[in-house]
Amino acid sequence: MSDTLQNKQALQTTTKNEIAEIKKELKLQAGVLGGAGALLWALELVDTFVLNQALNAWGVAPGKISGLIGVLTMPFLHGGLLHLAANTFPLLFFSWLIMLRDNREWAAVTAASMVTSGVGTWIVGGANSVHVGASGLIFGYFGYLLTIGIFQRKISSILLSLFIGLGYGGLVFGMFPMTVSSMISWEAHLFGFIGGVFSAWAINRRTKGGKRRLLEGGI
């Protein structure tokens, strides 16, 4: 009887610890995403109403050495409030879906997508153009979420990829010059997507038997 009671108490303690850990994780994710969203909107409000879009000069300027700074700054700059409004939800939503799998995966996909979208745009972008916006990151997250099920072949990952494919598959048409407006940076979209797919492949390579080495579970 005593052993049964102790086992029950141990189970309750374990459950409480797991719930507390989940709450802590969700709070961290909300803080990171909320802070990122607030930063983007604060920058764009200042740039729009105070600086008259002067910050956009720090975007990716293809072919110019000075334009390489945009690899780091492009995702934080936008062509106006409507541009940022269009990017905010998919940026935060896709980020959260990846965070639910692993915060470190989100950091890795973010870094890879920033680099590939920025450098790719710098190499192939049109002369005398400047590219701004977080859409390169969005397409990086999209590429990762769309293909992680293909590489990982876990039921949960496959379902996630199917959800993204069915719900947001139309985004693929934003990666080619013949399907988007000349004002839209298809280059950032395409190379961001490539960075996301590469991230899915690389992250899967770090797994054993479809399970995470450092953190099992997740979506």
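The values are calculated or read from the model by the stated rules, or taken from the named source; none is laboratory data. What you see is a predicted model, and the numbers here were worked out from it, not measured in a lab. All Cβ positions, glycine included, derive from the backbone under ideal geometry; neighbour counts span all protein chains shown. Each accessible area value is taken on the protein alone, full model and side chains, heavy atoms only, with ligands, DNA and RNA left out. Shrake-Rupley method; radii C 1.70, N 1.55, O 1.52, S 1.80 Å.
Checking the structure you have, find out if any residue of segment 133-153 is outside any helix (DSSP H, G or I), in contact (Cβ under 8 Å) with a residue 24 or more places away in the chain and open to solvent by less than 60 Å² (accessible area, probe 1.4 Å).
Initially, segment 133-153 is screened for residues outside any helix (DSSP H, G or I), giving 133-134, 153.
Add one more test, that the residue is in contact (Cβ under 8 Å) with a residue 24 or more places away in the chain, and what stays is 133-134, 153.
Adding the requirement that they be open to solvent by less than 60 Å² (accessible area, probe 1.4 Å) leaves 133-134.
Checked against the condition, which is being outside any helix (DSSP H, G or I), in contact (Cβ under 8 Å) with a residue 24 or more places away in the chain and open to solvent by less than 60 Å² (accessible area, probe 1.4 Å), segment 133-153 yields at least one hit.
For the condition aliphatic (A, V, I, L, M), loosely packed, with under 15 Cβ neighbours inside 10 Å and in a helix (DSSP H, G or I), ALA36 does not qualify. Which one is surrounded by the fewest Cβ atoms within 10 Å (Cβ to Cβ) among residues in segment 107-132 that are part of a helix (DSSP H, G or I) and not aliphatic (A, V, I, L, M)? This residue is THR110. Contact map, segment 45-61: residues that are more than 25 Å from THR121 (Cα to Cα) paired with residues that are open to solvent by less than 80 Å² (accessible area, probe 1.4 Å), Cβ distance under 9 Å, separation 6+ or inter-chain. Pairs shown: LEU45/LEU81; VAL46/LEU55.
Please tell me if PHE173 is on the phi < 0 side of the Ramachandran plot, under 16 Å from the mean Cα position of the chain (by Cα), surrounded by 12 or more Cβ atoms within 10 Å (Cβ to Cβ) and not hydroxyl-bearing (Ser, Thr, Tyr).
It is false that PHE173 is on the phi < 0 side of the Ramachandran plot, under 16 Å from the mean Cα position of the chain (by Cα), surrounded by 12 or more Cβ atoms within 10 Å (Cβ to Cβ) and not hydroxyl-bearing (Ser, Thr, Tyr).
Tell me whether segment 100-122 contains one or more residues that are in contact with a strand residue (DSSP E or B) (Cβ under 7 Å, 6 or more places away or on another chain) and closer than 19 Å to SER181 by Cβ. Don't jump to the end; show me each part of the working.
Step one: filter segment 100-122 for residues in contact with a strand residue (DSSP E or B) (Cβ under 7 Å, 6 or more places away or on another chain), giving 118, 121-122.
This time we only want the ones that are closer than 19 Å to SER181 by Cβ, so: 121.
Checking segment 100-122: at least one residue is in contact with a strand residue (DSSP E or B) (Cβ under 7 Å, 6 or more places away or on another chain) and closer than 19 Å to SER181 by Cβ.
Exactly one residue out of GLU105, GLU21 is farther than 14 Å from SER135 by Cα and more than 13 Å from the chain's Cα centre (by Cα), and it is GLU21.
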